[in-house]
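The values are calculated or read from the model by the stated rules, or taken from the named source; none is laboratory data. It should be emphasised that the depicted structure is a prediction, and the values quoted were computed from it without experimental measurement. Please note: Cβ atoms are built from the backbone with ideal geometry, for glycine as well, and neighbour counts cover all protein chains shown. Quick note on the areas: whole protein, heavy atoms, side chains included, nothing else; ligands and nucleic acids left out. Shrake-Rupley method; radii C 1.70, N 1.55, O 1.52, S 1.80 Å.
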Amino acid sequence: MSLRNKVTLIGYTGKEVETVNFESGSIKASVSLATSDHYTNAKGEKVEETQWHNLIAFGKTAEILQKYVPKGKEIAVEGKLTYRSYDDKDGVKRYITEIRVDEILLLGGK
């Protein structure tokens, strides 16, 4: 196993899983994941900082996301960081950073 380009996240899904079924029979799932961090600022106040991540998965991992992961579910994922770009309807180049999920662990009671 390589440590290059490896991401591990634990967080809560922010929406329902969206899936795309391809003609070849394969499946792609995508969902957003919120991770939170807490710290105390200079005034002694507790501050919570939330980051949002775009997750994508294919094959069996996508099927697990689709079947068992509702909005608000706590999950742990492992995968790799990917980047892509596209031109929107106005011709503006948009960039997307995603985590391509290889493994998923269902957490919490929901």
- Extreme residue, nearest to residue 12 (Cα to Cα), among residues of region 93-110 that are among the β-branched types (Val, Ile, Thr) and open to solvent by less than 50 Å² (accessible area, probe 1.4 Å): 104
- Task: Please name all residue pairs, on different chains or six or more residues apart, with Cβ atoms under 6 Å, provided the first residue is in region 64-89 and is without any contact (Cβ under 8 Å) to a residue 12 or more places away in the chain and the second residue is surrounded by fewer than 16 Cβ atoms within 10 Å (Cβ to Cβ).
- Result: 85/93; 85/95; 86/94; 87/93; 88/94
- Message: Please go through region 13-28 and give me each residue that is outside any strand (DSSP E or B) and hydroxyl-bearing (Ser, Thr, Tyr), ordered by number.
- Response: 24, 26
- First in region 28-50 and over 22 Å from residue 72 (Cβ atoms), second anywhere and hydroxyl-bearing (Ser, Thr, Tyr), Cβ under 6 Å, 6 or more apart: 46/40; 47/39
- Message: Can you pull out every residue in region 19-53 that is farther than 28 Å from residue 70 by Cβ and of a type in the set (Gly, Ala, Ser)?
- Response: 42, 44
- Query: Quick one: would you say residue 3 is of a type outside the set (Val, Ile, Thr) and open to solvent by less than 40 Å² (accessible area, probe 1.4 Å)?
  - Reply: no
- Message: Name the single residue that is surrounded by the fewest Cβ atoms within 10 Å (Cβ to Cβ) among those in region 66-92 being basic (Lys, Arg) and in a strand (DSSP E or B).
- Response: 84
- Return the total of residues in region 29-59 being open to solvent by 50 Å² or more (accessible area, probe 1.4 Å), assigned to a strand (DSSP E or B) and more than 15 Å from residue 97 (Cα to Cα). 10
